[in-house]
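The values are calculated or read from the model by the stated rules, or taken from the named source; none is laboratory data. The shown structure was predicted, so the numbers you read here are calculated from the model rather than taken from an experiment. Quick reminder, even Gly has a Cβ in these numbers, built from the backbone with ideal geometry, and neighbours come from all protein chains shown. Surface areas here come from the heavy atoms of the whole protein model, side chains and all, with no ligands, DNA or RNA. Shrake-Rupley method; radii C 1.70, N 1.55, O 1.52, S 1.80 Å.
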Amino acid sequence: MSGPAVDRRLQGEGATPLAGVGTVVWYRPDDSVDLDEPPEDVDPEAELARFEEASETARTELEREREETRERVGEEEAEVFGAHLQFLSDPMIEDGVEAAVTDDGLPAPHAVRAAFAGPIEQFEGMDGRMKERADDLRDVRDRLLRILTGAERVDLRSLPEGSVVFAERLTPSDTAQLDPAVVAGFVTATGGRTSHAAIFARSLALPAVVGVGAGLYEVDEGTEVVVDGDTGEVVLNPTEETRARASGGLDAPVREAPVETSDGKEIEVAANVGRPAEIEAAVERGADGVGLYRSEFLFVDRDAPPGEAEQYEAYRDALDAFPDGRVVVRTLDIGGDKPVPYLDLPEEENPFLGDRGIRRSLGNDADLFETQLRALLRAAAAGAGDLAVMLPLVSTVEEVRAARTRLEAVASALDEAGVDHAIPEFGVMIETPAAVLMGPDLASEVDFFSIGTNDLAQYVMAAARGNERVSELRDFRQPAVIRAIRETVRAAEGTECWVGMCGEMAGDPDLTELLLGLGLDELSMSAVTVPAVKQRVTAVDTDEARELATHVASASTKEQVVDRLTSQGESP
Ligand code: PEP
Ligand code: MG
């Protein structure tokens, strides 16, 4: 397979399992904030007033961008701008600017640059996510400098079609401006899979490679490139063959119908959705249904909870989008890392171990729970697809029974009032060690389990979700996490209870064979990974997968797990 031309390649980390072909457009925002030598005579009061005014403008911009990002990309991504707003009013920065103006006689722009230098350097010296905070600080600094110097903002919204943006780094404000309909992808010299740019790329379904290093700077504007967000390769001046492969989509083809393993076992591959707009993406990527509808997203970002009518519409719309499929709506999972201002949640020392999920629905939020159940039962009768209702953060059998009692009470009330409704499937998330240990008892209470590996890994390994220092421990390939999954499946064996997975682990195609071998019936993930996982499912042979799962689940260390996963097919 030799062609006349040889591809030149750069290697980075893939951020999205998608490929794109296009032309390099360099983005160098720092060029706009070069400063001249400071003048000798500076009026400190006037400079401080200038800084105040620039800060105010920056605040207004950030609030607007947070709102736009919330609508275009998502809630979680929008929160980056919340962090920027905090940096903007951080006393460390404000005092730093004041000292640079009054003590060192610097004009406002130079004072801003001086005040940010120390904190940026400090964060640069840290590991993982903390290191990436340095990018956030740069973003805030450059915004202030742009406002103070009146520099033009490079407009990423009006790039020519087929552009592949090359940059040292892309800040959240930069990435949020990229339009996936126009931009073919982006490549950055810095950053990793957890950097904001990578997260935004996944949310926007943009091919992206991050962390390519200094080699990136040697690539000229206008060069043709293939960006393979799966392997992390950036191919320069690609051969016809490479281009064709990428434009045909290195990304797996979208399969609208449900898929089977090579030996004929049908596996449901569903999507996780957080807000109504994501349902469309789930349909477009060929999801068989919704395996996790995070209903709390209907409750955040507003001043009062949605009423029964609004929720009913939202659930019915989801069911109508999947007339032949199932939609699993998780009841409110508030608390922990998901605050809702109008609910006046208690200040807790450790909110992840506190009043969250089903605990609140059976306690302080009982009224909200009842309204939600009414909306769900009515939607179950009206919508085209099949509804399933799922309880979050279950740790006892009593919680399940209490929730079922409430559901039955709501059904009786609707009956009496003559309101059309239906009883949906009823299941629980398995995301606490208690739920794993009580698996056999829970299996006889419910129709299904869905394993929430994001929380399960944090609780099994005692390693907080947002803490990069313990990310190694929280890895889904830890033997303890794999054994917790195995025990959950075993608990349901021989019962009517089916077992799915809706944590992030389900969306990793490299783990599909293992998960099917462990015995999962359904996998639910971000819509963007549905085609790749469906493709993997079709290649799995159930007997071989079981053998692999037995071998992997008996490993004593994560290293062994990784080895056994990568040497699939070889004898133990
Ligand atoms: C999980 O914990 O794995 C899960 C799917 O729920 P969430 O990420 O919403 O907590
Ligand atoms: Mg969870």
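Per-residue SASA remark: Thr261, around 10 Å² accessible (1.4 Å probe; ligands, DNA and RNA not included). Note on the range 60-147: with charges restricted to the Cβ of Lys and Arg (+1) and Asp and Glu (-1), its dipole about the Cα centre is near 240 debye. The magnitude of the dipole of the chain, with charges of +1 and -1 set on the Cβ of Lys/Arg and Asp/Glu and taken from the Cα centre, is near 1640 debye. Relative to one another, the C-alpha centroids of the range 418-437 and the range 440-486 are positioned 18 Å apart. Of the GluC sites (Glu not before Pro) found in the range 424-486, those that fall in a DSSP loop while having at most 13 other beta-carbon atoms within 10 Å are Glu472. With a/c under 1.5 counting as rounded, go ahead and sort the range 112-151 into rounded, prolate or oblate using the C-alpha gyration tensor (a ≥ b ≥ c being the square roots of the eigenvalues; past the cut-off, prolate if a/b is larger than b/c, else oblate). Here the range 112-151 falls in the oblate category.
So what does log10 I(q)/I(0) come out to for the range 423-469 at q = 0.19, 0.29 Å⁻¹, using the Debye formula with one equal point on every Cα and no solvent? Summing over Cα pairs of the range 423-469 leads to -0.61, -1.02. Taking all Cα pairs closer than 8 Å and separated by 6 or more residues, the relative contact order of the range 34-149 comes to 30 percent.
For the chain, the longest principal axis of the C-alpha atoms and the axis of helix 91-102 are separated by about 0°. Rolling a 1.4 angstrom probe over the protein heavy atoms with all chains in place gives the range 146-292 an accessible area of 40 Å² per residue. Measuring with a 1.4 angstrom probe and ignoring ligands and nucleic acids, Cys497 comes out at about 10 Å² accessible. Look at where the Cα atoms of the range 510-572 and of the range 187-238 average out, and the two centres are 28 Å apart. For the chain, the share of DSSP beta bridges that are antiparallel, to the nearest 5, is 30%. Our summary gives the range 394-439 a relative contact order of 59 percent, counting only alpha carbon pairs under 8 angstrom and 6 or more residues apart.
Near Pro119: Cβ cut-off under 11 Å, other residues only, Lys/Arg at +1 and Asp/Glu at -1. The net charge is -1. Think of the chain as having a plus end and a minus end, set by charges on the Cβ of Lys, Arg, Asp and Glu; of Leu178, Thr566, Tyr312, Thr566 sits farthest toward the positive end of this dipole.
The calculated P(r) of the chain, using every Cα pair and 10 Å bins from 0, goes 3, 16, 24, 25, 18, 9, 3, 1, 0 in percent. For the range 34-149, the share of alpha carbon pairs falling in successive 10 Å distance bins from zero is 14, 43, 31, 11, 1 percent. Its Kirkwood hydrodynamic radius, worked out from the mean inverse distance over all distinct Cα pairs, puts the range 350-396 at 12.1 Å. Computed over protein heavy atoms with a 1.4 angstrom probe, the accessible surface ordering of Asp563, Asp142, largest first, is Asp563, Asp142. Other residues with beta-carbon under 10 Å from the beta-carbon of Gln311 carry, at +1 per Lys or Arg and -1 per Asp or Glu, a net charge of 0. Once the Cα atoms are used to define both axes, helix 542-553 deviates from the longest principal axis of the chain by about 70 degrees. Only protein atoms count toward the accessible area here, which uses a 1.4 Å probe; on the range 34-149, the carbon and sulfur part of that area reaches 45 percent.
Excluding Glu522 itself, what net charge comes from residues whose Cβ is under 9 Å from its Cβ, given Lys and Arg +1 and Asp and Glu -1? Net charge around Glu522: -2. Among Val24, Val42, Gly192, whose Cα projects farthest towards the positive end of the dipole of the chain, with charges put on the beta-carbon of Lys, Arg (+1) and Asp, Glu (-1)? Result: Gly192, furthest along the dipole toward the positive end. For the chain, the longest principal axis of the Cα atoms and the long axis of helix 530-539 meet at an angle of about 50 degrees. Over the residues of the chain, the helix contribution to mean residue ellipticity at 222 nm works out to -13500 deg cm²/dmol, using -39500 (n - 2.57) for each DSSP H run of at least 4.
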